[in-house]
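Each reported figure results from applying straightforward, stated rules to the coordinates on display, with no laboratory input. Fair warning: this is a prediction, and the values are worked out from it, not measured in the lab. As a convention, Cβ positions derive from the backbone with ideal geometry for all residues, glycine included, and neighbour counts pool all protein chains shown.
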Amino acid sequence: MLNAYRSEWVKLRRHLLFFGTYGAIAGITVVATVVTFATAGHVFGHGTGQGPGGAGVAISFRQLAEANGLTIGLTGAGTVLGVIAFAVAAAQSAGEYSHGTLRNLLVRQPHRLTLLAGKYVAILTFLTGAVLLAAAAGSGTAEIMAHLRGINGGTWTTMGGFRSYETALGDIVLAVAGYATLGLALGAVLRSSVAAISIGIAYLLPVEMLISNVARSADAWLPGQLLTAVDQDGTAAVGFEPALLKIALYLLVLAAGAAVVFLRRDVTA
């Protein structure tokens, strides 16, 4: 498996993919953090939310000063980071078919499950590195924005703050790993990067949003909503542990199905 892992990293180290993915994930986290701090305490719209006169209110200064304030921007960007992870994994998986490189890989490594496992672990480590960079960029941005907006972030460096940071980072890594697993499996089944990415993102964003709007109770069962609950340490619809258990079962079944397809499918080019 080590050789399969190394061979996958040869592709992952390509400048466009490496710097593009890491730059996009870090950049989105920075933007989410800036927007979160810049709009703190602002009131938006009318007739909804809990603010004065029923207006919607952005996050408060008090919330940003709490122990988890350092990672609020990172957590807020969780869904977008997950979608990027899904797209990268789907492209890496399906690309072997569309580029005609899978046959060459199987000549060097005929054990298909070993090859698939090596690719999977390589993609996960690649995306985990991107999340760690995003967390560092988001933390630095949060420190700067807190200074500019006069927010006291003293609780961020307490033991509670460190635990909160560790929990938030772990949740994001788990969610990103879940999105990557979905992408890898769908790419292996569909064998087309465009089809896998298009279908996957269309389902995770607009389709699930429509289902959620029609039936709120479905949030506790939809894969995308479950991954959101994981990266946010639980939501109003489903807690962290139930969400983690359900999405793990979904991914296990999907990964097993993709592995069977990968094992039995003929490779002719």
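Numerical summary
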{"read-out": "Over the stretch 101-230, relative contact order from alpha-carbon pairs under 8 Å, at least 6 apart, %", "value": "21 percent"}
{"read-out": "Euclidean distance of C-alpha centroids, the stretch 83-153 and the stretch 181-222, integer Å", "value": "18 Å"}
{"read-out": "Most mobile listed residue (190, 254, 148) in the chain, GNM with C-alpha springs under 10 Å", "value": "148"}
{"read-out": "Burial ordering of 133, 227, 204, fewest other beta-carbon atoms within 10 Å first", "value": "133, 204, 227"}
{"read-out": "Selected from 90, 135, 259 as most flexible by GNM, with the chain as the system and alpha-carbon contacts under 10 Å", "value": "259"}
{"read-out": "Cut-off 11 Å between beta-carbons: net charge of the residues surrounding residue 226, Lys and Arg +1, Asp and Glu -1", "value": "-2"}
{"read-out": "Selected from 70, 249, 127 as most flexible by GNM, with the chain as the system and alpha-carbon contacts under 10 Å", "value": "249"}
{"read-out": "Tensor-based shape of the stretch 136-176 (alpha-carbon gyration tensor, a/c under 1.5 rounded, otherwise prolate or oblate)", "value": "oblate"}
{"read-out": "Relative contact order computed over the chain (Cα-Cα under 8 Å; 6+ residues apart), in percent", "value": "26 percent"}
{"read-out": "Farthest positive-ward along the chain dipole, Cα basis, beta-carbon charges - from 225, 90, 80", "value": "90"}
{"read-out": "Lys, Arg +1 and Asp, Glu -1 on Cβ, resulting dipole of the stretch 124-269 about Cα centre, debye, nearest 20", "value": "300 debye"}
{"read-out": "Read-out Rg/Rh (Cα atoms, Kirkwood Rh), derived from the coordinates shown; its label in [x] 0.95; [y] 1.02; [z] 0.98", "value": "[y]"}
